[in-house]
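Visitor: One structure coming up, written as structure tokens, with questions to follow.
The values are calculated or read from the model by the stated rules, or taken from the named source; none is laboratory data. Computed from a predicted structure; not experimentally measured. No Cβ is skipped: glycine too gets one built from the backbone with ideal geometry, and neighbour counts run over all protein chains shown.
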Amino acid sequence: MSVARTCSRRTKRGFTLIELLIVLTIAALLLQGLTQITGNLLRDWSRSAIAMENLNAAIAGIDAVSREIAELKVLNRPGPGGQSEPIFYGEPNQLSMVRPAIGFEDRHDLDQVTYTLEQSDGTTTLVRQSWRLFSGNPGQKRSAATRTVVAEFEGSMEFAYTANLADFSNSWIGSAYYPVAVLIIANLEQPNGANFERVIIINAEADAICARRSSLAECRQQLQSRL
């Protein structure tokens, strides 16, 4: 009878305090490890999402400028000394050109469009301003400027210009002719240091250069191959 009672007491015995503390310590360590892993994954995901958003914003800005350059109107106005000069100027952080007014193809419905890169504290804001021009005098603005923020991203951007697709300059002011192409360079502030660039050929000027060649299509192909 005494032996049976002793066995019954042993079978009902629970965990000791030390055993509970060991289990709780192991559980806490596992939870801490899972928390660190989850936190790292969330931080990596957040950085990737921000970097992708930044990249998309920069690409959107480059696409907008590229479309405007593709629709550029080669047009001159009277310059100093009676010589004509193109309605185009370019600097590293600004370029201005004339294009047909949106929704119109008439030569006398023209917009002057200026893109400006406003850079501050590592952030670049691409701003578009446009003016409707006088039909009789395309060099004179006739409407108030419309200002639009096209893109904003972490990093820098700049414009460069070329007359031959070989040598690029960061300034195109006071020239008697249009550049053949515009180069847009973007340097993004992200872990992999992504840099990319795009060259947009001004079709009318490329055709003017190629007009002296026997094959216009072959000449344009050669120009493209030099990019």
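Visitor: Taking the options ARG43, ARG99, ARG47, name whichever one is in a helix (DSSP H, G or I), surrounded by 12 or more Cβ atoms within 10 Å (Cβ to Cβ), among the charged types (D, E, K, R) and at pLDDT below 85.
Guide: Only one candidate passes the filter, namely ARG47.
Visitor: Test of understanding: among THR116, THR11, which residue is modelled with pLDDT of 80 or more and either in contact with a strand residue (DSSP E or B) (Cβ under 8 Å, 6 or more places away or on another chain) or more than 30 Å from GLY174 (Cα to Cα) (or both)?
Guide: Checking each option against the conditions leaves just THR116.
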